[in-house]
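The structure under discussion appears below in the form of structure tokens.
The values are calculated or read from the model by the stated rules, or taken from the named source; none is laboratory data. If you're wondering where the values come from, they're calculated on a predicted model, not measured in any experiment. No Cβ is skipped: glycine too gets one built from the backbone with ideal geometry, and neighbour counts run over all protein chains shown.
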């Protein structure tokens, strides 16, 4: 595993985050976004998530090589102890421990903020992401069939759940 430095993201990290995220938007159905966010929009997302939940970046030799974040699960007040999580890693460092390091730290921070439950939505098929989430304690709880349309194709999303702290 490379020498990874984990830290809280700042709005100044937007360009590095977008370097990783852009291909997912432009070329895959992993993200249901159809237009790559601007640097400013990504900076605003990082600021908002960092304030209430958490957004982390992994840095190797000054280069952002991965990021993970938590955000609002739903808008109703009763959902306030639940989050949705995501993790993205640069292609050359996938399966190197970067995602595991990011999620380990992310869940520690969420636990310290008294969040109880984490959910992850994964466009399927995506065996690598499903396997990673299972290895991290997530369990499949259901599929939303044909919930998103991108590149002219309908996509299903598998929802997975993991407890964070004391229930």
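Considering (1) under 26 Å from residue 147 (Cβ atoms); (2) in contact with a helix residue (DSSP H, G or I) (Cβ under 7 Å, 6 or more places away or on another chain); (3) not in a strand (DSSP E or B), the lone condition that residue 69 does not fulfil carries the number (3). The set of residues in region 1-24 being touching a helix residue (DSSP H, G or I) at 6+ places or on another chain (Cβ under 9 Å) and either closer than 24 Å to residue 148 by Cα or modelled with pLDDT under 95 (or both) consists of 1, 2, 4, 17, 18, 20, 21, 23. Search region 120-131 for residues being touching a residue at least 40 places away in the same chain (Cβ under 8 Å) and not in a strand (DSSP E or B), and hand back the single one that is farthest from residue 147 (Cα to Cα). Among those residues, the one meeting the criterion is 129. Checked against (1) in contact (Cβ under 8 Å) with a residue 40 or more places away in the chain; (2) under 24 Å from residue 91 (Cα atoms); (3) part of a strand (DSSP E or B), residue 148 passes all but condition (2).
Listed here are the residues, each with its yes/no results for (1) more than 11 Å from the chain's Cα centre (by Cα); (2) farther than 17 Å from residue 16 by Cβ; (3) loosely packed, with under 14 Cβ neighbours inside 10 Å.
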site	(1), (2), (3)
38	yes, no, yes
41	yes, no, yes
50	yes, no, no
53	yes, yes, no
60	yes, no, no
73	yes, yes, no
93	yes, no, no
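Among the candidates 82, 117, 86, 135, the residue that is within 30 Å of residue 5 (Cβ to Cβ) and out of contact with any strand residue (DSSP E or B) (no Cβ under 8 Å at 6 or more places or on another chain) is uniquely 135.
If I filter region 152-165 down to residues being touching a helix residue (DSSP H, G or I) at 6+ places or on another chain (Cβ under 9 Å) and not in a strand (DSSP E or B), which single residue comes out as modelled with the highest pLDDT? Checked region 152-165; the qualifying residue modelled with the highest pLDDT is 164.
Restrict the check to region 34-51 and report whether at least one residue is in contact with a strand residue (DSSP E or B) (Cβ under 9 Å, 6 or more places away or on another chain) and within 21 Å of residue 154 (Cα to Cα). Walk me through it before giving the result.
Step one: filter region 34-51 for residues in contact with a strand residue (DSSP E or B) (Cβ under 9 Å, 6 or more places away or on another chain), giving 34, 45-50.
Those still in the list that are within 21 Å of residue 154 (Cα to Cα) too: 34.
Among the residues of region 34-51, at least one is in contact with a strand residue (DSSP E or B) (Cβ under 9 Å, 6 or more places away or on another chain) and within 21 Å of residue 154 (Cα to Cα), which makes the answer yes.
State all residues of region 134-145 that are assigned to a helix (DSSP H, G or I) and either touching a helix residue (DSSP H, G or I) at 6+ places or on another chain (Cβ under 9 Å) or closer than 17 Å to residue 155 by Cβ (or both); if no residue qualifies, say none. The one that is assigned to a helix (DSSP H, G or I) and either touching a helix residue (DSSP H, G or I) at 6+ places or on another chain (Cβ under 9 Å) or closer than 17 Å to residue 155 by Cβ (or both): 135. Residue count for region 95-119 satisfying the condition of being surrounded by 22 or more Cβ atoms within 10 Å (Cβ to Cβ) and part of a strand (DSSP E or B): 1.
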